[in-house]
1. Tell me which label goes with the value of Cα extents along the principal axes in Å computed from the coordinates here: (i) 72, 38, 26; (ii) 43, 41, 33; (iii) 66, 37, 29.
2. Can you pull out the trypsin sites (Lys or Arg not before Pro) in the range 48-93 that DSSP calls coil and that have at most 14 other Cβ atoms within 10 Å?
3. To the nearest 20 debye, what charge dipole does the chain have about its Cα centre, counting +1 at the Cβ of each Lys and Arg and -1 at the Cβ of each Asp and Glu?
4. Just to be sure I understand the rule: take each whole DSSP H helix in the chain, project its Cα atoms onto its long axis, keep it if the span is 15 Å or more and its mean Kyte-Doolittle hydropathy is at least -1.0. Which ones pass?
5. Around E123, with a cut-off of 12 angstrom between Cβ atoms, what is the net charge of the other residues, counting Lys and Arg +1 and Asp and Glu -1?
6. Hull surface divided by four, with the convex hull built on the Cα atoms of the range 1-49: how many nm²?
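Where a number appears in this text, it was derived from the coordinates with a stated rule and is not lab data. No experiment lies behind these values; they were computed from the predicted model shown. All Cβ positions, even for glycine, are placed from backbone atoms using ideal geometry, and neighbour counts span all protein chains on display.
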Amino acid sequence: MTDQEKDYVREQIVNAAAVVFGRYGYKKTTMDEIGMAAGKGKTAIYYYFKNKEDVFKAVVEKEAAQLEQSLLEAIANKETPEEKLKAYVYARMRAMLSLSNFYDAMKNELLDHLPFINNIRKEVDNKELELVKSIIQEGLEKDIFQVKDLNFTAVTIVTTLKGLEIPLFLENKVEDLTMYIDHLIYLICYGLFKR
């Protein structure tokens with residue numbers, strides 16, 4: 001089997017595992033279920049991965065990369081910092097809806113025993129903060145935004161979005177996503193005070 005064929009099979013396993021983990025969660029998923037979903041025997045799964053944790057790590061890393069890619073693509077063709085900020089927020093919230101394993105890994109304290117989880121959390125948080133800071137910095141340079149502290153503002157925005165995830169996803173208010181995001185962007189850009 002060539003390296004390209006091995007990569008293809010590994011990718012098939014990761015994609016199948018993402019579905020199984022998304023359906024049953026990390027704790028309840030078995031290697032047999034991953035193998036069945038991938039159309040492979042359990043032995044074949046162990047050829048590519050050491051254990052269930054290793055498979056889950058590959059799934060979460062893939063979904064983290066998908067999140068990063070979707071955020072970068074969302075802002076790529078936007079011209080103003082306000083458009084970029086709005087596109088970033090929309091893309092982030094939509095990605096969290098579709099990346100169930102990543103979302104679970106980032107929020108589920110029961111997975112804290114997996115050593116790679118905190119590393120992925122930190123890496124994703126840092127990349128997201130840098131992206132938001134770059135958008136704000138562009139707004140400052142173009143004299144569109146006015147903030148007291150660039151870092152604190154970026155942390156506040158990212159933290160606010162994380163806080164919105166639970167009511168939006170658990171209460172299944174996806175149809176209200178546009179309304180929430182528009183309101184959030186308005187508050188971020190224009191604040192509460194009358195001008």
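1. Identified label for the calculated read-out: (iii).
2. Numbers: sites: K50, K52, K57, K62, K78, K84, K86, R92; in loops: K50, K78.
Here the trypsin sites (Lys or Arg not before Pro) that fit, given the DSSP loop and packing criteria, are K50.
3. Values: 27 positive and 31 negative charges, 76 e Å.
Value, rounded to 20: 360 debye.
4. Working: long enough: 3-28 (31 Å, -0.78); 52-76 (36 Å, -0.01); 81-98 (25 Å, -0.43); 115-141 (40 Å, -0.50); 150-170 (31 Å, 1.34); 177-190 (19 Å, 1.29).
Span-like helices here: 3-28, 52-76, 81-98, 115-141, 150-170, 177-190.
5. Values: positive: R121, K122, K127; negative: E61, E68, D125, E128, E130.
Combined, the nearby Lys, Arg, Asp and Glu give -2.
6. Working: hull surface 12.2 nm².
For the Cα atoms of the range 1-49, the hull's average projected area reads 3.1 nm².
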